[in-house]
Amino acid sequence: MKSRHFVYDLIQDTSSLPQPNLSIILKEFVPGYGSKGDTLTLRSNEAYKKFLVPGLAVYATPENVKKYETYKITTTEPEHSSLYSERTVSRLSQMVLEITMNKTQPWKLEPWHVRTSFRKSGFIVPEYAIEMPPMEIKGPDLSLQEKEFYVTVTVNNKEKVNVRCRIHHWATGLERLPWKEFHWKLPAEPLIPEQAEVLEQIPLPK
């Protein structure tokens with residue numbers, strides 16, 4: 001008899017069964033997931049493709065659990081203040097913060113101006129976390145329009161990041177300055193000479 005002569009009853013199709021979750025241990029900090037030594041339980045496909053294949057994690061075998069437990073006991077200072085702090089620092093370091101100031105009324109740049117500009121850009125930054133430039137910036141002064149400086153932001157009282165800032169004078173009607181397309185991608189002259197070296201190391205947005 002040939003195989004076509006046999007009748008089979010399907011009891012269970014194991015190929016369509018969901019795979020059990022997989023426990024892994026991180027070998028290094030991974031933004032949004034955890035720090036070195038943290039144990040994650042993920043879908044097997046995600047654990048394999050995102051962590052095991054790139055070498056970011058190992059299987060949570062008894063040997064590895066013991067090995068990384070020792071690491072976490074001996075390491076008292078966390079690498080990052082939160083799962084997302086490194087991502088936040090990266091985003092802040094790559095932005096150009098436009099600080100809109102009045103073109104007709106006198107002003108002095110204060111931390112609340114910077115805080116408001118961050119909020120307009122989608123970041124909630126308290127004033128106590130903002131370190132202002134070493135000199136006062138006053139206006140209106142159109143010579144500031146093409147220059148830049150940086151402020152230092154402290155994330156979760158731990159990580160520090162320098163954020164590139166530029167003043168934009170705002171007015172209505174005929175006093176309004178012409179709009180420059182993609183102005184945040186253009187290089188600018190440093191407002192404070194002492195900050196020039198640091199500004200050169202901060203990447204411009206692409």
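The values are calculated or read from the model by the stated rules, or taken from the named source; none is laboratory data. Keep in mind the model is a prediction, meaning the values are calculated, not measured. All Cβ positions, even for glycine, are placed from backbone atoms using ideal geometry, and neighbour counts span all protein chains on display.
Every listed requirement among (1) more than 22 Å from Asn157 (Cα to Cα); (2) of a type in the set (Asp, Glu); (3) at pLDDT below 90 is met by Glu98 save one, (3). The set of residues in segment 145-158 being at pLDDT 90 or above and surrounded by 15 or more Cβ atoms within 10 Å (Cβ to Cβ) consists of Glu148, Phe149, Tyr150, Val151, Val153, Thr154, Val155. Output the residue which, of all residues in segment 101-136 that are among the aliphatic types (A, V, I, L, M), within 27 Å of Phe182 (Cβ to Cβ) and surrounded by 11 or more Cβ atoms within 10 Å (Cβ to Cβ), is modelled with the lowest pLDDT. Taking the candidates together, the pick is Met101. Filtered by the rule that a residue be under 22 Å from the mean Cα position of the chain (by Cα) and part of a helix (DSSP H, G or I), segment 184-206 gives Trp184, Lys185, Val198, Leu199, Glu200, Gln201.
Selection of first residues in segment 102-124 that are assigned to a loop (DSSP other than H, G, I, E, B) and of second residues that are β-branched (Val, Ile, Thr) and at pLDDT below 95, restricted to Cβ pairs under 9 Å at least 6 apart or on distinct chains, gives the following pairs, ordered by first then second residue: Leu109/Ile99; Leu109/Ile137; Leu109/Ile167; Phe123/Thr88.
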